[in-house]
1. Go through (1) surrounded by 14 or more Cβ atoms within 10 Å (Cβ to Cβ); (2) modelled with pLDDT under 90 one by one and return the number of the condition residue 100 breaks.
2. Take the range 25-53 and flag every residue that is at pLDDT 85 or above, touching a strand residue (DSSP E or B) at 6+ places or on another chain (Cβ under 7 Å), over 17 Å from residue 95 (Cα atoms) and not in a strand (DSSP E or B).
3. Given the structure, is residue 56 closer than 30 Å to residue 11 by Cα, in contact with a strand residue (DSSP E or B) (Cβ under 7 Å, 6 or more places away or on another chain) and surrounded by 11 or more Cβ atoms within 10 Å (Cβ to Cβ)?
4. Is it the case that residue 67 is surrounded by fewer than 14 Cβ atoms within 10 Å (Cβ to Cβ) and in a loop (DSSP other than H, G, I, E, B)?
């Protein structure tokens, strides 16, 4: 069975944003190998200004956003609710919820 990118004759343009560039650095190579285009930038999705600038860059470069994938999240610690500090809770909420809101808001 072929994987979807190998059998689907669609040219894609992918913009990958990550706070850590080590993970996604192979993505552009793989997408270009399949005939698409890709770009990776460093971005903190919890910062409204960075998200807004990223979407502006995408629109300038490619003209539109057809699909938005908010694939970010995390929780570095797993203490009980009684041991969770407010700052850690705020960080988790910003990363898991606020980031989705900011990206969707910037695209629409």
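1. Checking residue 100 against (1) surrounded by 14 or more Cβ atoms within 10 Å (Cβ to Cβ); (2) modelled with pLDDT under 90, the one that fails is (2).
2. Of everything in the range 25-53, those that are at pLDDT 85 or above, touching a strand residue (DSSP E or B) at 6+ places or on another chain (Cβ under 7 Å), over 17 Å from residue 95 (Cα atoms) and not in a strand (DSSP E or B) turn out to be 27, 28, 31, 32, 36.
3. Values: closer than 30 Å to residue 11 by Cα: yes; in contact with a strand residue (DSSP E or B) (Cβ under 7 Å, 6 or more places away or on another chain): no; surrounded by 11 or more Cβ atoms within 10 Å (Cβ to Cβ): yes.
Criteria not met by residue 56.
4. Against the criterion (surrounded by fewer than 14 Cβ atoms within 10 Å (Cβ to Cβ) and in a loop (DSSP other than H, G, I, E, B)), residue 67 qualifies.
The values are calculated or read from the model by the stated rules, or taken from the named source; none is laboratory data. Because the structure is predicted, anything quoted here is derived from the model rather than measured. Virtual Cβ from ideal backbone geometry, glycine too; neighbours counted across all protein chains shown.
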